[in-house]
1. How big is the accessible area of Cys346 in square angstrom, nearest 10, if you roll a 1.4 angstrom probe over the protein chains?
2. With the cut-off at 29 Å, tell me which of the pairs Lys153/Lys203; Lys153/Lys218; Lys83/Lys218 have Cα atoms farther apart than that.
3. In the chain, what percentage of the DSSP-assigned beta bridges are antiparallel, given to the nearest 5?
4. Is there a quick way to get the dipole size of segment 269-405? I mean about its Cα centre, with the Cβ of Lys and Arg at +1 and of Asp and Glu at -1; what is the value in debye to the nearest 20?
5. Taking the solvent-accessible surface of protein heavy atoms with a 1.4 Å probe, what is the per residue accessible area of segment 259-353 in Å²?
6. Quick one: putting +1 on the C-beta of Lys and Arg, -1 on the C-beta of Asp and Glu, what dipole do you get for the chain around its Cα centre, in Debye to the nearest 20?
7. For segment 269-405, what Kirkwood radius comes out of the mean inverse Cα-Cα distance, in Å?
8. Counting only protein heavy atoms and a 1.4 Å probe, tell me what percentage of segment 39-266's accessible area is made up of carbon and sulfur.
Amino acid sequence: MEISKMLLSNDDVAADDNLACSGLDEPHELYFGAVSPPVIQTSLFVQKNYQAYCDDMLHEAERFIYSRGLNPTVQMVEQKLAKLERGEACRCFASGMGAISAVLMANLNARDHIILVNNVYGPAMALVRQMAEKFGITYDVVLDGNLDSIARKITPDTRMIYAESPGTMTMNVVDLAAIARLARAHNITSAIDNTWATPLFQKPLTLGFDIVIHSCTKYLGGHSDLIAGAVITSQQRMAAIRDFSHQLLGAVLSPFAAWLLLRGLRTLPVRMPRHQENALRVIEYLATRPEVENIRHPCLATPEQQAIIRQQMSGFSGLFSFEIRGGHFATVKRFIDACRIFKVGCSWGGYESLIISPNRGYNEAGLAADHIAPGLIRLSVGQESPALLTDDQDTAFAAIAGMHKGEA
Ligand SMILES: Cc1ncc(COP(=O)(O)O)c(C=O)c1O
């Protein structure tokens with residue numbers, strides 16, 4: 001098995017990305033030289049007189065009036081995320097799903113058609129189904145991300161192509177530049193959930209995508225202590241998202257969560273190479289285990305996918321899955337419970353390594369219908385030392401000795 005290694009050292013993180021994450025260009029002089037910016041924990045900004053208030057209301061989108069619109073701490077993190085994604089504008093939301101729903105609700109009207117490309121995050125898919133039921137939008141899913149298959153699904157009503165790459169669970173990588181070109185040629189808005197790669201390792205706007213979405217809850221925050229989302233796009237596209245979804249749906253980010261996100265971003269360029277390196281070490285270890293099959297991580301992609309990866313990615317993060325050969329619920333449960341370093345938890349992207357399986361015992365029939373192996377395990381590889389992580393996996397394999405062949 002050939003494991004492809006990409007960006008492995010801190011030196012390879014682009015200097016401008018490093019700068020955008022850091023506090024170096026923050027206006028310290030505005031707050032007494034404090035190296036850590038203040039949390040402007042306010043709902044309201046009072047104006048010096050009524051005329052100033054009336055003038056501000058004319059420029060509501062750019063002025064500090066009310067924190068559902070604009071807040072300085074939130075704005076600071078939005079400016080950093082816009083720089084990282086090479087976008088003109090960013091708005092933050094109360095969660096990644098807040099950002100996803102903001103993009104879909106602002107861009108789709110009744111009877112519009114959306115094409116979902118690759119295996120997208122489950123609740124995003126569920127939201128599209130709800131919007132189909134409640135508001136009459138229509139949708140198609142192209143699981144393999146094949147360009148001809150996407151082109152065949154385009155109708156005169158198609159308004160959006162929504163992608164994720166690598167795809168949730170499958171880790172399938174799709175050709176983002178080609179998809180963006182196809183969308184442009186048909187005057188269709190393209191949007192992508194870029195949470196897995198982070199802007200350090202993939203910048204979809206530079207590949208022609210119109211809108212980038214993040215769950216900042218994962219690597220961008222990086223410490224499992226906040227829930228946040230972000231949308232990055234052009235000024236023009238942002239105007240519609242801001243006026244409708246940000247202002248009227250109102251799922252905006254709080255100043256304190258924005259401050260935690262600022263703090264998390266400072267170490268993103270240090271954390272991501274470590275996530276990558278640790279994940280590769282765990283994958284190298286798993287590849288030696290006879291009990292393991294189907295490790296799904298882009299470092300093991302086919303040569304054809306590797307070519308696409310080299311065009312559009314500069315590194316890998318630490319979320320991936322593998323299967324215990326012949327595994328079932330009892331195997332998965334014993335394996336997970338034997339881990340001490342990998343904690344049981346469903347999120348990802350934080351310091352701590354996490355382990356989970358879609359197999360909950362009572363849902364094996366549903367998994368079979370979705371072609372998901374009952375022995376599937378998902379790991380979010382964190383920041384611990386690699387030896388601790390591989391030793392932990394070693395202990396878990398010892399705990400299931402014999403079981404993977406079907407012995408309960
Ligand atoms: C790929 C992806 N996108 C979006 C989300 C939603 O993010 P949040 O939990 O911040 O709403 C998640 C959450 O797990 C995710 O995995």
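The values are calculated or read from the model by the stated rules, or taken from the named source; none is laboratory data. Computed from a prediction, not measured in an experiment: that's the story for all the values here. Cβ placement follows ideal geometry from the backbone for every residue including glycine, while neighbour counts extend to all protein chains displayed. Only protein heavy atoms, including side chains, enter the accessible area calculation; ligands, DNA and RNA are left aside. Shrake-Rupley method; radii C 1.70, N 1.55, O 1.52, S 1.80 Å.
1. 110
2. Lys153/Lys218
3. 50
4. That gives a dipole near 120 debye.
5. 40
6. 460
7. For segment 269-405, the Kirkwood estimate is 15.4 Å.
8. 53
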